[in-house]
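Every read-out reported here was derived from the displayed coordinates using simple, explicitly stated rules and does not represent laboratory data. Computed from a predicted model, the values in this text were never measured in an experiment. For neighbour counting, all protein chains shown are included, and Cβ atoms are generated from backbone atoms with ideal geometry for every residue, glycine included.
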Amino acid sequence: MIYQIYPRSFRDLNGDGIGDLAGITSELGHLAELGVDAVWLSPFYRSPQRDAGYDVSDYCDVDPLFGTLADFDAMMIRTQELGLRVIVDLVPNHCSDQHAAFQAALAAAPNSAERSMFIFRDGRGESGDLPPNNWESHFGGPAWTRTTDADGQPGQWYLHLFDSSQPDFDWDNPAVHAEFERVLRFWLDRGIAGFRVDVAHALVKAPGLPDWHGLANGNSSEGYPGEEAPMFGQPALHDIYRSWRLILAEYGPDRILCAEANVDPLPRLAHWVRPDEMHQAFNFPYLHAGLDLGPLRSVITESLESLDAVGAPSTWVLSNHDVVRHATRFGYDGHGPRDGDGIGTEDPQPDEELGRTRAAAATMFMLGLPGGAYLYQGEELGLPDGIDIPSALRQDPTFARTDGERLGRDGCRVPLPWRADQEHYGFGDGATPWLPQPESFARLSRDLQASSGTSHLALYRSMLALRRELDLGRGSLQWAEAWCTGSSLAYLNGNVLVVMNLNHEPLELPSGAILLRSSLDVQGNQRLLSPGQTAWLQIAAKPAE
Ligand code: GLC
Ligand code: CA
């Protein structure tokens, strides 16, 4: 099980209001106790922080905001003591406009070696004042920005699939390959266990950069362009990842590459994890299926079939730093918010308790599945999204680029509550945290939950311990049809029956020892599973269909 740390919001040890590497090191013991196998760190590299560190200006250094390379090494030593592996985020599609290579490209002439590291083009129209094609940025607005030449005249345009401060590299250029091979080795030499590869589907663009009339909005559940999108899923990507896999193999058999690849459909995603490519890919269709049981069941079946076919493990994920936390998404009856767009005080409000109850059920359903699971910091506390965030404090570029129409992803990035009675709930004891923490964090802080036998955290601990003990991650799945009604879903993993009840009525559980249920404080008839709950049962033989 891989636990995602979002460094800005994990723990602020030097009191400047922003999480840091020393803060991570100081709390890693809690993650080991929780039962985490590996941590994945979102970017902590040098960066102007225009996209919370996904705009990297130096790939081989730590941003002073987060500490130093020595802090990184100290963190590595602590993870080794605790038996935790470390995966770092690699951002190869684009860098920051402050990266030395992009600054050199701006200063150089069109068609120079410097410019060829990026995607510079002349504009369309008589005076070149129209962008080279019609592509849109994932964060809203055009995907091209025009430069100004040294003489003050308008110059060429450069491509940025994300913010204008994030120019895309040109992966047709071998010098870009060489640079990233150096970056891979730099971190592998420091002892990391692998990389989570940011927007792994976008590095290579179709020749000629043709116009595209589909949606380019990479952060919505309905908008992923299909096979034909010229900026996604191009065949040449696979050669890049094959070459990286060879580099990882030089460091031993246990280093991994995990793709953030928004490619549909699942059989196509499976191409990314063929034996000589990436080891894992995030399962966004699973995240987007949410609690829609029909789609959820199809996604699971299809994931296992497609990934089994290439010998790769399926992966499961419900929350990350780009989507509304699942404890909030599931707090709506009917359709909740669009995943990447956040919720504000003007929007319909979630029911926090309902959301947390269903989130526990959904996670318990997920953690019974065979394959790899990814958890996002704070979900073990059942944290909701931050909703009451004043506009002036919102930092996701999506907010500014859409004039506030899309609130963006700040809500799921609110700093963690560690200790109820300390300032800022123990996130840091200095400056105000970079995003405001909701008042409910007082009740949800880790210390309070750690001392309760029935808390969300207690449930996560039990789930992870049992998952490990029963080796569920390496099991297999068979649907248990008798409990798959319209609003309940059940499967067998070995002799463990996992049942999730989304009916409005309690569900009678079959005979068999109840190993765990998602509400630890359930009273009364133990054989009834209440609405919005999941149970794991050990059964002797296959139940009747
Ligand atoms: C990925 C990251 C997201 C970032 C984007 C651009 O989708 O998860 O946070 O904004 O890439 O790097
Ligand atoms: Ca700090």
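Numbers below:
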{"read-out": "Per-selection Kirkwood Rh - the chain (Cα, Å, 1 d.p.)", "value": "24.2"}
{"read-out": "Approximate spin-label separation Val522-Ala309, in nm, with each point projected 7 Å along Cα-to-Cβ", "value": "3.7"}
{"read-out": "Theoretical gain in end-to-end length, Ala442 to Arg185 [0.36 nm per residue, Cα-Cα removed]", "value": "88.3 nm"}
{"read-out": "Footprinting exposure proxy for Leu457, Leu477 (fewest neighbouring C-beta atoms within 10 Å first)", "value": "Leu477, Leu457"}
{"read-out": "Paramagnetic reach from Glu126 in the range 136-153 [backbone N under 18 Å; point 7 Å along Cα→Cβ]", "value": "none"}
{"read-out": "Amide H partners (placed H, <5 Å) of Leu515, local residues excluded", "value": "Trp536, Leu537, Gln538"}
{"read-out": "Net charge, Asp403 excluded, C-beta distance under 14 Å - Lys, Arg +1, Asp, Glu -1", "value": "0"}
{"read-out": "The range 36-91, dipole about Cα centre (Lys/Arg Cβ +1, Asp/Glu Cβ -1), debye to the nearest 20", "value": "80"}
{"read-out": "Ala450-Glu346 pseudo-label distance in nm [points 7 Å out on the Cα-to-Cβ vector]", "value": "4.1"}
{"read-out": "Euclidean distance of C-alpha centroids, the range 453-477 and the range 72-112, integer Å", "value": "34"}
{"read-out": "Interchain or long-range residues, amide H under 5 Å from Asp58's placed H", "value": "Arg46"}
{"read-out": "Proxy reagent accessibility, fewest Cβ within 10 Å first, across Thr398, Thr345, Thr25, Thr145", "value": "Thr345, Thr145, Thr25, Thr398"}
{"read-out": "Computed E for Asp211/Ala400 - FRET, C-beta separation, R0 41 angstrom, nearest 0.05", "value": "0.95"}
{"read-out": "Residues Arg356, Arg85 arranged by fewest to most Cβ contacts within 10 Å", "value": "Arg85, Arg356"}
{"read-out": "Assigned charges on the beta-carbon of Lys, Arg, Asp, Glu; the chain dipole about Cα centre (debye)", "value": "1340"}
{"read-out": "Charge sum, other residues only, whose C-beta stays under 9 Å from Pro285's C-beta, Lys/Arg counted +1 and Asp/Glu -1", "value": "-2"}
{"read-out": "In degrees, nearest ten, helix 456-469 long axis to first principal axis of the chain (Cα)", "value": "90"}
{"read-out": "Cβ-based charge dipole, the chain, positive-most Cα from Pro531, Gly475, Pro510", "value": "Pro510"}
{"read-out": "Leu529 long-range amide H proximity, modeled H, under 5 Å", "value": "Leu507, Glu508, Leu509"}
{"read-out": "Debye log10 I(q)/I(0) for the range 100-159, one point scatterer per Cα, at q = 0.13, 0.21, 0.24 Å⁻¹", "value": "-0.33, -0.82, -1.01"}
{"read-out": "The range 50-209, dipole about Cα centre (Lys/Arg Cβ +1, Asp/Glu Cβ -1), debye to the nearest 20", "value": "380"}
{"read-out": "Residues listed by number, the range 303-317, amide nitrogen under 16 Å from Trp479 label point at 7 Å toward C-beta", "value": "303-306"}
{"read-out": "Label zone at Ala74 (point 7 Å along Cα-to-Cβ), backbone N below 14 Å, the range 23-59", "value": "23-28"}
{"read-out": "P(r) weight above 21 Å for the range 226-376, C-alpha pairs, percent", "value": "50"}
{"read-out": "At most 11 other Cβ within 10 Å, DSSP loop - trypsin sites (Lys or Arg not before Pro), the range 1-76", "value": "none"}
{"read-out": "J(HN,Hα) series, the range 79-95, from Karplus relation 6.51 cos²θ - 1.76 cosθ + 1.60, nearest Hz, glycine and proline x", "value": "5, 5, 4, 8, x, 9, 9, 10, 10, 10, 7, 10, 10, x, 6, 8, 10"}
{"read-out": "Net charge, Ser451 excluded, C-beta distance under 14 Å - Lys, Arg +1, Asp, Glu -1", "value": "+1"}
